[in-house]
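**Student:** Take a look at the following structure, please.
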Amino acid sequence: MPRRGENIYKRKDGRWEGRYIKGHAYGKAQYGYVYALSYADVKEKLSYIKTTVPWIQESPSNLVTYQPGTLFDSIASEWMAFLKPQIKESTYVKYSNSLHDYLCPAFSGRPVESITRAEVSSLCIKLAESGGKDSTGLSPKTIADTLSILRSIFNYASEEKGLNVANITGIAVKLPRSTIRVFTVAEQQKLDSYLRENLNPCNLGILLCMYTGLRVGEICALTWKKVSLDEPILQVDETLQRLQQANDSDKKTKVVISSPKSDSSIRAIPLPDEIYKLLQQNRKQSDAYLLTGLPNRYMEPRLVQSRFKSILLDLGIKHANFHALRHTFATRCVELGFDIKSLSEILGHSTVNITLNRYVHPSMDLKQKNMNMLSDLFTVS
C-alpha cells in the first residue's frame, strides 16, 4: 500500500520503493525510482533528490523530452554499453550474438517506436520455424532468451529515453519440460570402478565431479592449490570457458578463466574422506591444473566432454552429457538424506528452490520407499 500522496510503496521483497517524476515525453510522465530497507530512508532519499535536482520541481513543459525516430540499432547499442560494466564477459557475448543473429536482422534500421507487439510475436514464430544457421528453427530456450533481451531493450528505451515503445509483456515462449539424465546406482558404480582402475589426471577430475557436483568449467579451471593440504576442503572460485571475440580480432575465440557464474558459486566444498585421500596420493605442484597435472596447460570443456563420452561408450553406458554428473551427485545426496540447505551451498546455488526444482530428481526406488511409509503408518501390530 502506498503512503497517501507520497508514491512510496512496500515491495514484495520487503524493500521500500519511492517514485518521482523525472521528465515527460509525449504527455506521459517518466519516472525515476529509489529503494531502501525502510520507509523513512526512502522518504529521505526522495527529499534529497527533489531539493538537489532543480528540474524535478519544474513544470512538465520545461522538462526534457526525447525525439521520436530513434533507431532500434542505436538503442540496442546504448543498452549494451549500459550493461557491459555490470555483467560477465560471457553474458555480454551471449547478448551480442542474439542481437547480431536474431534481433538486428529483424529490426535494424527501424525506429524502435515503430516496432509493434504483433511483429514481436511474429518474430518468435519465425525463429521457431526457420531460425538458426541451418534454418530448421531455434530451441524454445533460445527464443525465450532472445525475447528477454528484447524486453530489456524496450524497457531501457522507455525508462531511460522516454520513448513510447510497444508493450510486449505477456508474450511468452512455452518451454518444454526437459528430461534430465541421472545415472542409476549401477551405472555410477560401473563408472566409479573404471575411473579408479584407469586413474590419470583427467579421470581423477571426472571422479571428483561425481562426488562434488562441480560444473565442467569449474573443474577445467581448478588448480592443485585450491585443494587444501591440511583439511579435506576444495575451494571453487574460477571457471574456464571459450568465448567468441570481436569481429576485428585475429582469432575468432579465446579461452577465459574468470569468476564463476554468480557470487554463490564461489564456495568451499568439504570433500569425502576417501576422495580427499585419493587426491592427496596423486597431488601435483600447486600451480598445476588438476585435469592435466601440468602448470600453464589447461584442458578445455569440449575436450573433457569428449573424453567423458568415450568412457561411457566403452563401458556400454547410455549417453549422457557431462552435466549429468552434477544431477547425479545432487540426486544421490537427497537419497542419502542430505540437508537440502547444505547441498544447495555445496552446489553453489543462490536459493534452495533451485536445488530442489532443477537438480534433484528422486529415483523410483526412493519414491516407493517414501510411499511405503504410509503403509507403515497404518500397519496393525
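**Student:** In debye, nearest 20: dipole of the chain around its Cα centre with unit charges on the Cβ of K, R (+) and D, E (-)?
**Tutor:** 440 debye
**Student:** Only four residue types carry charge here, +1 at the Cβ of Lys and Arg and -1 at the Cβ of Asp and Glu. Report the dipole size of segment 74-152 about the Cα centre in Debye, rounded to the nearest 20.
**Tutor:** For segment 74-152, the charge dipole is close to 140 debye.
**Student:** Another question about this same structure. For K126, give me every one of the lysines with a C-alpha distance below 23 angstrom, ignoring sequence neighbours fewer than eight places off in its own chain.
**Tutor:** K126 reaches K94, K141, K174.
**Student:** Relative contact order for segment 281-343 using alpha-carbon pairs under 8 Å, separation at least 6, rounded to a whole percent?
**Tutor:** Computed over segment 281-343, the figure is 14 percent.
**Student:** Using only Cα atoms and rounding to the nearest 10 degrees, what angle (0 to 90) does helix 364-377 make with the longest principal axis of the chain?
**Tutor:** 90 degrees
**Student:** Probe of 1.4 angstrom, ligands and nucleic acids ignored: what's the accessible area per residue over segment 86-162, in square angstrom?
**Tutor:** I get 50 Å² per residue for segment 86-162.
**Student:** Follow-up. Using a probe of 1.4 angstrom, how much of the accessible area of segment 139-207 is carbon and sulfur, in percent?
**Tutor:** C and S fraction of accessible area: 48 percent.
**Student:** Relative contact order (percent) for the chain, with alpha-carbon contacts under 8 angstrom and 6 or more residues of separation?
**Tutor:** After rounding, I find 11 percent.
**Student:** Taking volume of the Cα convex hull per residue in Å³ as the quantity of interest, determine which of (1) 136; (2) 249; (3) 301 was computed from the displayed structure.
**Tutor:** Evaluating volume of the Cα convex hull per residue in Å³ on these atoms matches (2).
**Student:** Report, ordered by chain and residue number, the lysines lying within cross-link reach of K161, taken as a straight Cα distance under 22 Å and ignoring same-chain residues fewer than 8 apart.
**Tutor:** By straight Cα distance, K161 reaches K22, K28, K50, K84.
**Student:** Another question about this same structure. Answer rounded, prolate or oblate for segment 201-264, using the Cα gyration tensor with square roots of eigenvalues a ≥ b ≥ c: rounded when a/c is under 1.5, else prolate when a/b is larger than b/c, else oblate. Intermediate values should be presented prior to the final figure.
**Tutor:** Values: a/c = 2.63, a/b = 2.17, b/c = 1.21.
Judged from the Cα gyration tensor, segment 201-264 comes out prolate (a/c at least 1.5, a/b above b/c).
**Student:** Moving on. Kindly provide the helix-only [θ] at 222 nm of the chain, computed as the sum of -39,500 (n - 2.57) over DSSP H runs of four or more divided by all residues, to the nearest 500 deg cm²/dmol?
**Tutor:** Values: 14 runs with 161 residues, N = 381.
It comes out at -13000 deg cm²/dmol, rounded to the nearest 500.
**Student:** Can you check what the Kirkwood hydrodynamic radius comes to for segment 251-330, Cα pairs only, in Å to one decimal?
**Tutor:** This gives a value of 15.6 Å.
**Student:** Sticking with this one: What does the C-alpha gyration tensor say about the overall shape of segment 252-292? Classify as rounded when a/c is under 1.5, otherwise prolate if a/b is larger than b/c, or oblate.
**Tutor:** Cα axes put segment 252-292 in the oblate bin.
**Student:** If you take the beta carbon distance between Y20 and L83 as r and set R0 to 25 Å, what does 1/(1 + (r/R0)^6) give as a FRET efficiency, to the nearest 0.05? Could you put the intermediate results ahead of the total?
**Tutor:** Values: r = 24 Å, r/R0 = 0.96.
Once the sixth-power term is evaluated, E becomes 0.55.
**Student:** State the answer as a single residue: which of N167, L195, V185 lies farthest towards the positive end of the charge dipole of segment 97-202, with beta carbon charges of +1 for Lys and Arg and -1 for Asp and Glu, about the Cα centre.
**Tutor:** V185
The values are calculated or read from the model by the stated rules, or taken from the named source; none is laboratory data. Values in this document were obtained by computation on a predicted structure and should not be read as measured data. Don't worry about glycine lacking a Cβ; one is built from the backbone with ideal geometry, like all the others, and counts go over all protein chains shown. With ligands, DNA and RNA removed, areas are computed over all heavy atoms of the protein, side chains included. Shrake-Rupley method; radii C 1.70, N 1.55, O 1.52, S 1.80 Å.
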